[in-house]
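The values are calculated or read from the model by the stated rules, or taken from the named source; none is laboratory data. Predicted model, so just to flag it, every value in this text is computed and none were measured. Glycine gets a Cβ as well: all are built from the backbone with ideal geometry, and neighbour counts include every protein chain shown.
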Protein chains: 2
Amino acid sequence: MAQNIYDDPGFFAGYAQLPRSRQGLDGAPEWPALRAQLPPMVGLRVVDLGCGYGWFCRWAREQGAATVLGLDLSERMLDQARNTTGDPAIDYRQADLEQLELPPGAFDLAYSSLAFHYIENLPRLLRQVHAALVPGGRLVFSIEHPIFMAPSNPGWVIDDQGRRTWPLDAYQTEGRRSTDWLADGVIKYHRTLGTLLNALIGIGFQLAHLEEWGPSDAEVEAQPALAEERERPMMLLVSAHRPA
Amino acid sequence: MAQNIYDDPGFFAGYAQLPRSRQGLDGAPEWPALRAQLPPMVGLRVVDLGCGYGWFCRWAREQGAATVLGLDLSERMLDQARNTTGDPAIDYRQADLEQLELPPGAFDLAYSSLAFHYIENLPRLLRQVHAALVPGGRLVFSIEHPIFMAPSNPGWVIDDQGRRTWPLDAYQTEGRRSTDWLADGVIKYHRTLGTLLNALIGIGFQLAHLEEWGPSDAEVEAQPALAEERERPMMLLVSAHRPA
């Protein structure tokens with residue numbers, strides 16, 4: 001079973017303070033880029049893998065999705081998600097993505113935001129998602145970028161001249177990474193970009209778009225703290241479909 | 001026109017000493033991985049973009065390719081290539097890949113080894129290649145990895161404990177890079193991995209395989225100097241096809 005770090009009280013308290021928790025989708029700088037990869041929502045049957053507070057589930061319904069299934073490991077987050085809506089077309093359910101079983105051909109869109117790097121057996125999950133999509137259905141997800149995940153010491157190095165570099169190493173060494181982010185010992189799984197994309201292709205997905213998210217000049221101007229995100233990509237956004 | 005660094009006498013002399021120049025394909029550690037992406041050669045019409053000494057062209061013919069067109073900017077390298085074979089089915093021609101025009105539907109396989117990072121207008125070249133392939137035809141190429149290309153100071157950093165890291169920065173800043181490798185001021189063009197793959201997809205290629213080459217444990221044991229190549233990927237190998 002996946003580590004349930006979101007139910008760690010310290011982690012949960014810290015996570016609750018993040019802009020993406022407080023402000024929802026608009027608090028996530030990568031949201032406009034991820035949104036650009038989404039099809040029109042009208043009439044779609046949607047599943048959100050790692051739905052957290054359910055911000056995306058509610059947005060999808062506002063945009064006209066027919067039904068939305070929001071899955072998360074954390075009952076604490078699901079409770080908060082359920083408290084924000086009485087919409088009967090949104091179903092929030094507890095699920096471990098490591099063990100997930102989905103009905104075949106039941107969804108038009110599978111979405112996931114920053115959850116897949118917590119999954120050890122990601123190919124298994126991707127096979128489930130592929131089978132759960134109708135032919136022509138889409139998978140749109142974000143994941144921590146392998147460049148961000150790989151290093152033994154994932155933190156900026158500032159040199160004598162104040163130049164900021166990201167100390168990449170261990171890129172080819174895939175597997176478990178333990179980092180201290182909001183709580184000690186958060187477990188993630190590093191995979192190279194090649195491994196991730198070849199898994200998708202091997203399962204039968206066709207790649208449609210890949211974005212190594214970084215802020216535009218205008219976004220850095222509006223939010224100068226984002227400037228460092230131009231030095232190395234922190235997130236990877238992927239759009240793929242199950243061929244019709 | 002592309003910089004013709006291979007006709008710089010110092011560069012050429014240095015390049016001539018590299019294992020991949022002296023020993024051919026077997027002198028390139030990534031060759032087994034690149035070869036694994038190639039279709040059976042028998043009967044194929046092949047074009048090699050940046051053929052250098054022509055090692056791949058001759059190998060393709062040995063494997064049964066029907067015809068091979070080897071293109072390179074450097075007359076000096078083409079002279080050497082022509083001197084090694086009298087095979088009338090191999091045609092070595094001088095060409096600037098920035099300006100290349102290829103006959104439509106004339107090839108079953110386009111191959112390129114470590115040449116595309118020298119090309120400023122790579123989308124133009126990829127469109128030419130796509131049109132020059134028959135439906136079902138393949139493009140297999142290697143290119144310097146964006147992680148290798150991006151940094152302002154592309155060289156290992158060794159810390160007090162002897163740990164080796166690659167100082168990544170400027171990843172989102174695409175464009176010209178000037179490096180000193182065999183000669184001063186070798187010009188290359190950095191593109192993010194997303195930009196490269198989206199260009200391929202946008203032109204109509206379907207991605208089949210992507211490998212961020214690194215040596216296996218056995219390869220490191222046989223050639224310990226390769227160990228650092230496990231810390232960050234230096235090369236990217238891509239296989240794509242024009243859908244039938």
Filter result (more than 8 Å from every other protein chain (Cβ to nearest Cβ) and touching a helix residue (DSSP H, G or I) at 6+ places or on another chain (Cβ under 8 Å)) within the range B:158-176: B:E174
Given the condition touching a Pro at 6+ places or on another chain (Cβ under 7 Å), surrounded by fewer than 19 Cβ atoms within 10 Å (Cβ to Cβ) and over 24 Å from B:L125 (Cβ atoms), answer yes or no: does some residue in the range B:15-31 qualify? yes
Which ones in the range A:12-53 are at pLDDT 95 or above, in a helix (DSSP H, G or I) and among the aliphatic types (A, V, I, L, M)? A:A33, A:L34
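Conditions (1) over 20 Å from the mean Cα position of the chain (by Cα); (2) facing chain A (nearest Cβ under 9 Å); (3) among the acidic types (D, E); (4) not in a helix (DSSP H, G or I), marked per residue:
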{"site": "B:S178", "(1), (2), (3), (4)": "no, no, no, yes"}
{"site": "B:G185", "(1), (2), (3), (4)": "no, no, no, yes"}
{"site": "B:I201", "(1), (2), (3), (4)": "no, yes, no, no"}
{"site": "B:L210", "(1), (2), (3), (4)": "no, yes, no, yes"}
{"site": "B:P215", "(1), (2), (3), (4)": "no, yes, no, yes"}
{"site": "B:P233", "(1), (2), (3), (4)": "no, yes, no, yes"}
In the range B:72-80, is there at least one residue being over 21 Å from B:I5 (Cβ atoms) and surrounded by fewer than 22 Cβ atoms within 10 Å (Cβ to Cβ)? no
Working only within the range A:6-41, note down all residues that are under 17 Å from A:V186 (Cα atoms), out of contact with any Ser or Thr (no Cβ under 8 Å at 6 or more places or on another chain) and acidic (D, E). A:D8
From B:A36, B:A60, B:A81, grab the single residue that is free of Cβ contacts under 8 Å to residues at least 12 places away in the same chain and under 21 Å from B:V140 (Cβ atoms). B:A36
So is B:R191 touching an Asp or Glu at 6+ places or on another chain (Cβ under 7 Å) and among the charged types (D, E, K, R) or not? yes
Within the range B:67-77, track down each residue that is closer than 17 Å to B:L133 by Cβ and touching a residue at least 24 places away in the same chain (Cβ under 8 Å). B:T67, B:L69, B:L71
Pick from the range A:182-210, criterion in contact with a helix residue (DSSP H, G or I) (Cβ under 7 Å, 6 or more places away or on another chain) and among the hydroxyl-bearing types (S, T, Y), ranking: surrounded by the most Cβ atoms within 10 Å (Cβ to Cβ): A:T192
Of all the residues that make up the range B:188-244, how many are under 18 Å from B:V129 (Cα atoms) and at pLDDT below 95? 1
Test A:I158 against the stated conditions and say whether it is surrounded by fewer than 15 Cβ atoms within 10 Å (Cβ to Cβ), over 26 Å from A:D48 (Cβ atoms) and β-branched (V, I, T). yes
Could you identify the single residue in B:V220, B:V238 that is assigned to a helix (DSSP H, G or I) and farther than 30 Å from A:A227 by Cβ? B:V220
For the range A:54-157, give me every one of the helices (runs of 4 or more DSSP H) that falls completely inside it and has 1 or more residues that are more than 14 Å from every other protein chain (Cβ to nearest Cβ) and either within 17 Å of the chain's Cα centre (by Cα) or modelled with pLDDT of 95 or more (or both). A:55-62, A:75-83, A:122-132
Residue that is surrounded by the fewest Cβ atoms within 10 Å (Cβ to Cβ) [pool: residues in the range B:168-181 that are on the phi < 0 side of the Ramachandran plot and among the hydrophobic types (A, V, I, L, M, F, W, C)]: B:W181
